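**Q** First the structure, which I've put down as structure tokens, then a few questions once you've had a look.
Laboratory data are not the source of any read-out in this text; all were calculated from the coordinates shown. Given the structure is predicted, the values throughout are model-derived calculations rather than measurements. Because the Cβ atoms are built from the backbone with ideal geometry, glycine has one as well, and the counts that use them run over all protein chains shown.
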Protein chains: 2
Amino acid sequence: MLNVSSNPADLLPQARIRLAALELFGQQGFDQTTIRQIATRAGVSPGLVIHHFGSKNDLRQACDDYAYRLFAEERVYLKGSGPMPTLERFMADHPDLQPVLAYLVQCLRGGGEGAERVYRLFCSLSDEMLTEAEQQGLLSLPEDRQAAIAVFAAWAAGLQMLGDLFARQLGGQHISDPDVMRRYAVVTTELLSRGLLSASFTDMLRSVIEPSDHKESNT
Amino acid sequence: MLNVSSNPADLLPQARIRLAALELFGQQGFDQTTIRQIATRAGVSPGLVIHHFGSKNDLRQACDDYAYRLFAEERVYLKGSGPMPTLERFMADHPDLQPVLAYLVQCLRGGGEGAERVYRLFCSLSDEMLTEAEQQGLLSLPEDRQAAIAVFAAWAAGLQMLGDLFARQLGGQHISDPDVMRRYAVVTTELLSRGLLSASFTDMLRSVIEPSDHKESNT
DNA sequence: CAACATGTTGAACCTGTGTTCAACCGATGT
DNA sequence: ACATCGGTTGAACACAGGTTCAACATGTTG
């Protein structure tokens, strides 16, 4: 079990800097965060930040690697964390990972290569979760598995990116608010069990989309 | 019908500046875009940008208002644009609005007040679309309508924010790629018609979520 | 104790960028 | 022809923030 947040004062300066950067990048984004802010938060001088990490961009890279590895390695905990192992439920069980998730979400926001990596991670996590659930007969995925997984990952990622906006729309403060989570769970369960579309409308859509020549290619 | 992109050279400098800013902000984000870039693109000097708009932030505000109004007023076109009037299909019919959508998506990425406004817009558009479809018997929303709409809006917004990442995961370049759109449409239709979860699993989830005391409050 | 390596500081430097401003241009009115 | 005035320019200014570097502290070795 990796240790994210024992008393920062006990950590070596280098680790304190990385932690401070991770938190600030996650809260404010990369551009809005200055090296001086990071240094202050880590109780250290600006020069030391550069001395240890080379540049602000290299520091970002270090945070990327750290957050990515940390989150990816915790994937084992995804299994067996409650009935429907959604990201939200997982986070409820691991509040200490919250800054890491916030950081990854900021990566998604930022776009570019960092975002791609994180989205891929979300896809692979969704894949594992859904595959296991399917093997247990809890659900059955559409024929185009890859697309289905990409959609699920996008839904999860999007919800995290919207973050508080979504919660506020439901009268809460944060996604983790019990009331928000409950309403979200209820609606999602309903949509994904009985469906949403009427039978006739479904037929009409199918004919329009021309689901003929199926071909799954690529990676 | 509002005119976004007739030949920019014909527009007044003030309009050219606003357009250039909208496009650049939409492509690169607010922070990465410099006033000089905007000025160059608009074929104008940096000073004039400030002279007309006061400051970079005020220029952003002007773009916000412009994009928001433009997109909100086009909502009439949402109705009657194909069978399932999703945002993707709407954009396919209105390619000239693409920079505006890109700008709004960047607002979402940026967070804060601008993002809230845009997400609210997405919610109200989803509301209109779903309500109309429901009245026509094409679908039936969950009991907690507000939550369902918030979820749909979040899905749509999230997909736009992920943007090319999602498309690339499906071997395409952009969401508007016909192949990507088709696979997305097929999977979504399947998920939202026959559902995903098994009956027994659904029952189990329902009992866990304790869907007892329903109470819709707020707004 | 001297010599040295390592970690650390904080003032100074430099670039990029938002903003200011005095001058310029061209049309219009007198 | 001259004055006026809004639109326009681009050089100059101010400042924020990433980065450099000479100095300092501390511990370690010969």
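**Q** Could you tell me which residue out of A:T189, A:C107, A:L59 lies farthest along the dipole of chain A toward its positive end? Charges go on the beta carbon: Lys and Arg +1, Asp and Glu -1, centred on the Cα centre.
**A** A:L59
**Q** What is the local net charge at A:E116, summed over the other residues whose Cβ is closer than 12 Å to its Cβ (Lys, Arg +1; Asp, Glu -1)?
**A** Every neighbour counted, the sum reads 0.
**Q** For label points placed 7 Å from Cα toward Cβ, what is the shortest-first list of nm distances from A:E134 to its copies?
**A** The answer, with the shortest distance listed first, is 3.2 nm.
**Q** Sticking with this structure for a sec: Between chains A and B there is a rotation axis; tell me the chain A residue with the nearest beta carbon and how many whole Å away it sits.
**A** Spelled out as residue then distance in Å, it is A:G158, 1.
**Q** Can I ask one more? Label position 7 Å from Cα toward Cβ: report the copy-to-copy distances for A:S176 in nm, one decimal, ordered from shortest.
**A** Label-point separations across copies, in nm and ascending: 4.0.
**Q** Take every Cα pair under 8 Å in chain A that's 6+ residues apart, average their separations, divide by the length, and report that relative contact order as a whole percent.
**A** Taking the mean separation of contacting Cα pairs over the length of chain A, I get 15 percent.
**Q** Which of B:S124, B:S176, B:S207 ends up with the largest GNM mean-square fluctuation for chain B, with Cα atoms connected below 10 Å?
**A** Top of the fluctuation ranking is B:S207.
**Q** Ignore the peptide's own chain and count Cβ atoms of other chains within 10 Å of each Cβ in B:165-174; give me the average, rounded.
**A** Per-residue shielding by partner chains comes out at 6.
**Q** Using 0.36 nm per residue, how much length does the chain from B:E128 to B:Q14 gain when fully extended, once their Cα-Cα distance is taken away?
**A** Once the chain is fully extended between B:E128 and B:Q14, it gains 37.6 nm.
**Q** So if I place +1 on the C-beta of Lys and Arg and -1 on the C-beta of Asp and Glu, and nothing else carries charge, what would the dipole magnitude of chain A be about its Cα centre? I want it in debye, nearest 20.
**A** Dipole about the Cα centre, nearest 20: 660 debye.
**Q** At a 10 Å Cβ-Cβ cut-off, how would you order A:R194, B:R183, fewest neighbours first?
**A** Sorted ascending by nearby Cβ count, the order is A:R194, B:R183.
**Q** With +1 on each Lys and Arg Cβ and -1 on each Asp and Glu Cβ, and nothing else charged, work out how big the dipole of region B:102-219 is about its Cα centre, in Debye to the nearest 20.
**A** Dipole about the Cα centre, nearest 20: 380 debye.
**Q** Relative to the other copies, what are the label-point distances for B:A72, with labels 7 Å from Cα along the C-beta vector, expressed in nm at one decimal and sorted shortest first?
**A** Spelled out, the distances from B:A72's label point are 4.4 nm.
**Q** Here's a follow-up. Please report the net charge: other residues with Cβ closer than 14 Å to the Cβ of A:L165, K and R +1, D and E -1.
**A** Neighbourhood net charge equals +1.
**Q** Also: Could you list A:L165, A:L192, A:L11 in order of exposure, starting from the residue whose Cβ has the fewest other Cβ atoms within 10 Å?
**A** The order, fewest Cβ neighbours first, is A:L11, A:L192, A:L165.
**Q** With N denoting the number of residues in chain A, provide Rg(C-alpha) divided by 2.2 N^0.38 Å, to two decimal places.
**A** 1.19
**Q** If we count every other residue with Cβ under 13 angstrom of B:A102's Cβ, Lys/Arg +1 and Asp/Glu -1, where does the sum land?
**A** -2
**Q** For B:E23, A:E88, what's the fewest-to-most ordering of other Cβ within 10 Å of each Cβ?
**A** Least to most surrounded, the residues fall as A:E88, B:E23.
**Q** Continuing with the same structure: With the Cα gyration tensor of region A:81-141 giving a ≥ b ≥ c as the square roots of its eigenvalues, does the rule (a/c under 1.5 for rounded; else a/b larger than b/c for prolate; else oblate) give rounded, prolate or oblate?
**A** Taking the square roots of the gyration eigenvalues as a ≥ b ≥ c, region A:81-141 is oblate.
**Q** Calculate the dipole size of region A:163-210 relative to its Cα centre from +1 charges on Lys and Arg beta carbons and -1 charges on Asp and Glu beta carbons; express the result in debye to the nearest 20.
**A** That gives a dipole near 80 debye.
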